Amino acid sequence: ASVEKGAKEEAAKLGVDLVLVAPPQEGDVQAQINQVEDQLAKGVDAIALAPGDPNAFAPIVDDAIKSGVPVVFVDTKGINEGVTFIGTNNMNGAELAAKFICDKTAKGSDVAILTGIESQSTALLRRDGAIKGFKNCGLNIVATQTAEWDTAKGRSVTESIILKNPNIKAIFASNDNMGLGAIQALKNADMLDDVVVVGFDANPDAAASVMAGEMSATIAQFSYNMGYMGVENAL
C-alpha cells in the first residue's frame with residue numbers, strides 16, 4: 001500500500017497514466033506473468049516491476065527492453081543485466097536485525113530464521129544477512145525455514161520450530177507478516193516473554209506490535225520512496 005501511494009502521487013505530479021496491477025497472492029508468479037504480458041500487449045510505455053520470481057521474469061524483461069519498453073525493478077531485484085533496481089539493501093538490513101538480537105540475547109542461545117519465497121533474491125539476501133550476523137556473534141541457528149512471507153504460515157512454521165526447540169531465545173522473521181505469525185505462535189505457547197522477535201518492513205501492524213511490547217523490533221524500509229522512484233525512473 002505504501003509503494004502504491006508513492007507511485008500514485010508521483011504519477012499525478014508528473015502527469016503519467018499509471019496502471020497498477022498485482023497478483024492475487026504474492027507467490028502467484030504465473031498470474032503476475034500473465035498481467036505483465038497483458039500490459040505489454042496493451043502497449044504500455046514503461047514498467048516498474050517487483051518480480052515474484054526473478055528467473056521466471058528474465059525472458060519477459062529482456063523481450064520488453066528489446067521491443068523498446070524500459071523496465072525498472074522495484075523492491076525485488078531481477079537477474080537481467082543493466083536494469084535499474086530501486087530497493088533496500090536487504091543483506092545489510094538483515095544483519096542489523098541480527099545485531100539487535102545479538103545485543104539482547106546471551107551468546108550460544110538458540111535462534112531461528114523465517115525466510116520468504118526462496119526463489120526471490122529479497123528472501124535469500126535477508127536470510128544470508130541474518131546468518132552472517134548470527135554467526136558473527138556466536139548465536140546457534142537451530143532452524144532456517146520458509147513461511148513464504150505469510151502470517152498464517154509464519155505461525156504454523158514457528159509452532160513446529162518451538163516444538164522441536166523449546167529453549168529458543170530469538171526469531172528473525174524476514175518480513176513483518178511472518179513475524180506477526182510467529183508472535184501468535186509464541187503467545188499460544190506462553191513463550192513470548194522469553195523470545196525476541198524481529199521483523200522486516202516496519203508495516204503499520206508491526207509498528208503497533210512494537211508499541212504494544214510484543215514484536216521486539218522491525219527493520220524499516222522506505223517503501224513510499226520505492227513507489228515514487230519507480231515511476232520517476234521508468235519515465
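The residue that is surrounded by the fewest Cβ atoms within 10 Å (Cβ to Cβ), counting only those in segment 1-11 that are farther than 19 Å from V71 by Cβ and at pLDDT below 95, is A1.
In segment 47-69, the residues that are over 21 Å from A123 (Cα atoms) and hydrophobic (A, V, I, L, M, F, W, C) form no Cβ pair under 6 Å with any partner that is in a loop (DSSP other than H, G, I, E, B) and open to solvent by less than 60 Å² (accessible area, probe 1.4 Å), whether six or more places apart or across chains. The condition of being over 15 Å from the mean Cα position of the chain (by Cα) and under 18 Å from A1 (Cα atoms) holds for only one of L49, L20, that being L20.
In this structure, does N89 turn out to be out of contact with any strand residue (DSSP E or B) (no Cβ under 9 Å at 6 or more places or on another chain) and more than 30 Å from L235 (Cα to Cα)?
Working: out of contact with any strand residue (DSSP E or B) (no Cβ under 9 Å at 6 or more places or on another chain): yes; more than 30 Å from L235 (Cα to Cα): no.
So N89 fails the test.
A Cβ distance below 8 Å, combined with a sequence gap of six or more or placement on separate chains, defines the contacts here; from segment 152-171, residues that are more than 16 Å from I141 (Cβ to Cβ) reach residues that are open to solvent by 10 Å² or more (accessible area, probe 1.4 Å) and in a loop (DSSP other than H, G, I, E, B) in the pairs E159/A189.
Kindly indicate whether G181 is part of a loop (DSSP other than H, G, I, E, B) and under 27 Å from V142 (Cβ atoms).
Working: part of a loop (DSSP other than H, G, I, E, B): no; under 27 Å from V142 (Cβ atoms): yes.
When the stated conditions are applied, G181 does not pass them.
Scanning segment 23-47 for residues that are hydrophobic (A, V, I, L, M, F, W, C) and either at pLDDT 95 or above or closer than 16 Å to P70 by Cα (or both) yields A31, I33, V36, L40, A41, V44, A46, I47. Every test in (1) surrounded by 20 or more Cβ atoms within 10 Å (Cβ to Cβ); (2) over 22 Å from R127 (Cβ atoms); (3) charged (D, E, K, R) is passed by D176 save one, and that test is (2).
Going through segment 70-87 one residue at a time, which ones are free of Cβ contacts under 8 Å to residues at least 12 places away in the same chain and either part of a helix (DSSP H, G or I) or at negative phi (or both)? Give the steps one after another, and end with the answer.
Residues of segment 70-87 free of Cβ contacts under 8 Å to residues at least 12 places away in the same chain: 81-82.
Residue satisfying the conditions is E81 alone.
Candidates in segment 61-82 are the residues that are under 21 Å from Q25 (Cα atoms) and open to solvent by 30 Å² or more (accessible area, probe 1.4 Å); of these, the one that is nearest to the chain's Cα centre (by Cα) is D75.
Quick one: how many residues across segment 20-44 are assigned to a loop (DSSP other than H, G, I, E, B), of a type in the set (S, T, N, Q) and crowded, with 18+ Cβ neighbours inside 10 Å?
Restricting attention to segment 20-44, the residues satisfying the condition of being assigned to a loop (DSSP other than H, G, I, E, B) are 20-28, 42-44.
Checking the rest, the ones that are also of a type in the set (S, T, N, Q) come to 25.
With the extra rule that they be crowded, with 18+ Cβ neighbours inside 10 Å, the set shrinks to none.
Going through segment 20-44 one residue at a time, the tally reaches 0.
With a requirement of 3 or more residues that are surrounded by fewer than 24 Cβ atoms within 10 Å (Cβ to Cβ), the strands (runs of 3 or more DSSP E) lying completely within segment 88-173 that satisfy it span 140-146. Residues in segment 208-226 that are farther than 20 Å from G116 by Cβ and within 17 Å of the chain's Cα centre (by Cα) were compared, and the one that is most open to solvent (accessible area, probe 1.4 Å) is Y224.
Can you tell me which residue among G116, G138 is under 15 Å from the mean Cα position of the chain (by Cα) and not hydrophobic (A, V, I, L, M, F, W, C)?
Criteria check complete, one pass: G116.
Taking the conditions exactly as written (under 29 Å from A22 (Cα atoms) and part of a loop (DSSP other than H, G, I, E, B)), does M226 satisfy them or not? No, not satisfied.
For every residue, the table says whether it meets (1) open to solvent by 80 Å² or more (accessible area, probe 1.4 Å); (2) polar (S, T, N, Q).
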residue	(1), (2)
K13	yes, no
L18	no, no
A46	no, no
A50	no, no
P59	no, no
T84	no, yes
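K99 meets all of the listed conditions (1) under 24 Å from T151 (Cβ atoms); (2) charged (D, E, K, R); (3) modelled with pLDDT of 95 or more but one, namely (1).
The values are calculated or read from the model by the stated rules, or taken from the named source; none is laboratory data. Worth saying up front: this structure is predicted, and the values here are computed from it rather than measured. Please note: Cβ atoms are built from the backbone with ideal geometry, for glycine as well, and neighbour counts cover all protein chains shown. These accessible areas exclude ligands, DNA and RNA; they are computed on the full protein's heavy atoms, side chains included. Shrake-Rupley method; radii C 1.70, N 1.55, O 1.52, S 1.80 Å.
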